[in-house]
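Below: one structure, written as structure tokens.
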There are 2 protein chains.
Amino acid sequence: MQDLSRIMAEADSETVDLEIIVQGAQEGKKQELRLWLRMLSTTKLVSQEVRRRLRAEFGATLPQFDLMAQLYREGDGLRLGELSKRTMVTNGNVTGLVERLEADGMVLRVTPDGDRRVTVAKLTPKGEKLFGTMAAAHEGWLRDMMADVDPAVIAELWKDIGEVKTSVSNHLSGVDFD
Amino acid sequence: MQDLSRIMAEADSETVDLEIIVQGAQEGKKQELRLWLRMLSTTKLVSQEVRRRLRAEFGATLPQFDLMAQLYREGDGLRLGELSKRTMVTNGNVTGLVERLEADGMVLRVTPDGDRRVTVAKLTPKGEKLFGTMAAAHEGWLRDMMADVDPAVIAELWKDIGEVKTSVSNHLSGVDFD
DNA sequence: AAGCAATATTTGAAATGTCAAAGGTTTCGC
DNA sequence: GCGAAACCTTTGACATTTCAAATATTGCTT
């Protein structure tokens, strides 16, 4: 944490009302915040359950599963940069993930002849087989977890969250300082 | 990754049938998976934006912000175990988070007289002030990001995701091996 | 052909994340 | 009160995460 003095000075000059800021999410003013907190906690809940089961049943991690899912649907493999975009994982992170998956024999790394900057990752047969098993289980877990939710609600949620995603995408700050 | 041979054997003996037998299964079967993938990617998108801004504007991290939010609404402080539950962060992780926040002067650690097993974390005045500023900004970011979504949809989403969360909560596997 | 910008991946530092095991403390049962 | 069980936090080993800087390679410009 850096640059505190400047920030504190700002806070001082404003005298933000500390009582109201976090609390009053009930009153309609903070619908977005309230929704976000609920989305976040729900996502964490599901993620942790999925992670726990992937680990217990397959000894795999969620990021590994995600990465393999992308490779699974592109039989010819993907460049690491592509993988990074699709999994929303940083480049540096993909390097390590692929490294470990390769060590486990799930993934193969190849440098194509045309361009030696590039590394293409590809599932091995072993990786494909394991992922197939995991994917089927994974789908079942989700169906179970959401079993009490009306299918119509699920469809509605899918649509509406799509709207949220679009809105968010259109309001991202590239990189800006104040 | 461990225990592969057993898992592979299972996969072999099952030969999962990718063709779907039940009627209407193409559309209905994977609704939950589809919803989950969309929830996950949307949450990642928002998280990354929030993280980027917290860092750029306040030099703080998202987990730190989360933790401070919990302490903010409990002026008397919270035991680390409580913090762990509320932030959905493991115990060991809370230790480190609080350590760093204490080093930054945002948080105070106290061992109450009654029970020396316990550590209570509490925001310092400096921490309170900074959090107040961050919380106000944070709320604004979310309002901006979701600006294109109809308020009625936001309210609906909040309600429906609540249903999802309840369902998931009721279908968690404590700890089970197969 | 030399130089330089653009592209693609890796590396390194710091923080966060999980899990399991280890430490102290308290409390309960006897 | 003693010893064991229960409780709370810390520690340690790894994996994942981000960002920024460093490498390496290609392609463009002149």
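The values are calculated or read from the model by the stated rules, or taken from the named source; none is laboratory data. Everything numeric here is computed off the predicted structure, so don't read it as measured data. Reconstructed Cβ throughout: ideal geometry from the backbone, glycine too, with neighbour counts over all protein chains shown. Please note that ligands, DNA and RNA were not included when accessible areas were found on the heavy atoms of the full protein model with its side chains. Shrake-Rupley method; radii C 1.70, N 1.55, O 1.52, S 1.80 Å.
Couple of notes before you dig in:
- Being in contact with a Ser or Thr (Cβ under 6 Å, 6 or more places away or on another chain), at pLDDT 95 or above, away from DNA strand C (no atom under 16 Å from the Cβ) and of a type outside the set (S, T, Y) is a condition met by no residue of the stretch B:112-131.
- Of all residues in the stretch B:56-74, those that are within 16 Å of B:M88 (Cα to Cα) and among the polar types (S, T, N, Q) have Cβ atoms under 8 Å from Cβ atoms of residues that are modelled with pLDDT under 95 and not in a helix (DSSP H, G or I), 6 or more apart or on another chain, in B:Q64/A:M1.
- Residue in the stretch B:25-41 that is within 16 Å of DNA strand C (Cβ to nearest atom), within 7 Å of chain A (Cβ to nearest Cβ) and either buried (at least 16 other Cβ atoms within 10 Å of the Cβ) or at pLDDT below 95 (or both) present: yes
- Lone unmet requirement of (1) loosely packed, with under 15 Cβ neighbours inside 10 Å; (2) more than 21 Å from B:L37 (Cβ to Cβ) for A:K122: (1)
- The residues in the stretch B:58-86 that are outside any helix (DSSP H, G or I) and crowded, with 18+ Cβ neighbours inside 10 Å can be counted, and the count is 3.
- Looking across the stretch B:119-136, just one residue is part of a strand (DSSP E or B) and β-branched (V, I, T), and that is B:V120.
- Single condition B:E139 does not satisfy, out of (1) in contact with a Gly (Cβ under 7 Å, 6 or more places away or on another chain); (2) open to solvent by less than 40 Å² (accessible area, probe 1.4 Å): (1)
- Selection within the stretch B:87-118 - touching a Leu at 6+ places or on another chain (Cβ under 9 Å), over 21 Å from A:L40 (Cβ atoms) and part of a loop (DSSP other than H, G, I, E, B): B:D104, B:G105, B:M106, B:V118
- The single condition among (1) within 12 Å of DNA strand C (Cβ to nearest atom); (2) of a type in the set (D, E, K, R); (3) crowded, with 17+ Cβ neighbours inside 10 Å that A:D104 does not satisfy is (1).
- Screening B:K159 with (1) more than 8 Å from chain A (Cβ to nearest Cβ); (2) within 16 Å of DNA strand D (Cβ to nearest atom) gives one miss only, at (2).
- Members of the stretch B:110-144 found to be within 8 Å of chain A (Cβ to nearest Cβ) and over 23 Å from the mean Cα position of the chain (by Cα), listed by number: B:K126, B:K129
- Per the listing A:R55, A:R51, the residue uniquely more than 23 Å from B:R51 (Cβ to Cβ) and either assigned to a helix (DSSP H, G or I) or open to solvent by 50 Å² or more (accessible area, probe 1.4 Å) (or both) is A:R55.
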